[in-house]
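A.B. asks: The structure that follows is given in the form of structure tokens.
The values are calculated or read from the model by the stated rules, or taken from the named source; none is laboratory data. No experiment lies behind these values; they were computed from the predicted model shown. When we count neighbours, we look across all protein chains shown, and the Cβ atoms used for this are built from the backbone with ideal geometry, even at glycine.
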Amino acid sequence: MRQVHGPTDEQSTTRYLDEYLALANIHERSGDWISATKTYRKILRIDRNHYAALLNLGAAYIQLGKFPRAFILTSRARQIEPMEDLPLHNLGCILELTGFCDKAAKYYQAALAINPKSPQTHWCLGRCFIRGNRPFEAIHHLRKFLELNRDPDDPLVEQAHSAIRMLEPRIPRLIR
């Protein structure tokens, strides 16, 4: 007997993909990145242009340190939704993690052009500017992160304050 694997109509396909997406998110929350990648790949076998699966599979590969794969998948997600900031942010993360902070900063800046209220992107851009010895820009983005971040228990808040205290003496008083 031959079995049909997967959905047979559009409504069933959507429900099927949503269930797989929910399962992949459970794997992510539990830190099981391998299972998450397998589940996202199942989604992409059904719909090779599924934005959330591409973006999240790329993010899972970042967690696994598979940066070339992450870059390719995240770039595909960006092509599908060019006005979304998350693919640009994630591409910046990949470049930053692989030591290309100058290039990462450009992606973070592009993400902020789309969504200037992203505290995480301000944090990452500030971090890149610290590494690039650009204290004025770093302080600006770290302060923006602190302004936008609504979580007082976020450990990055204290790190941002510490970084600003460390950087301020490096900026001439007239500029401050």
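A.B. asks: Looking at E84, is it within 22 Å of Y61 (Cα to Cα) and of a type in the set (D, E, K, R)?
C.D. replies: Taking the combined requirement at face value, the residue satisfies it.
A.B. asks: Okay, moving on. Would segment 56-64 turn up any residue that is aliphatic (A, V, I, L, M), at pLDDT 95 or above and not in a helix (DSSP H, G or I)?
C.D. replies: yes
A.B. asks: In segment 131-148, which residues are of a type in the set (A, V, I, L, M) and over 10 Å from I164 (Cα atoms)?
C.D. replies: L146, L148
A.B. asks: Across segment 14-36, what is the total count of residues that are in contact (Cβ under 8 Å) with a residue 12 or more places away in the chain, under 21 Å from E81 (Cα atoms) and among the β-branched types (V, I, T)?
C.D. replies: The qualifying residues number 0.
A.B. asks: Return a yes/no flag: does segment 73-93 have any residue that is more than 30 Å from I43 (Cβ to Cβ) and out of contact with any Cys (no Cβ under 9 Å at 6 or more places or on another chain).
C.D. replies: The answer is no, given that none of the residues of segment 73-93 is more than 30 Å from I43 (Cβ to Cβ) and out of contact with any Cys (no Cβ under 9 Å at 6 or more places or on another chain).
A.B. asks: Among the residues of segment 136-161, which ones are part of a loop (DSSP other than H, G, I, E, B) and closer than 23 Å to N90 by Cβ?
C.D. replies: Across segment 136-161, the qualifying residues are N149, R150, D151, D154.
A.B. asks: Check A105, A113, A138 and return the single one that is closer than 26 Å to F71 by Cβ, of a type in the set (A, V, I, L, M, F, W, C) and in contact with a Gly (Cβ under 6 Å, 6 or more places away or on another chain).
C.D. replies: Sole residue among the options that is closer than 26 Å to F71 by Cβ, of a type in the set (A, V, I, L, M, F, W, C) and in contact with a Gly (Cβ under 6 Å, 6 or more places away or on another chain): A138.
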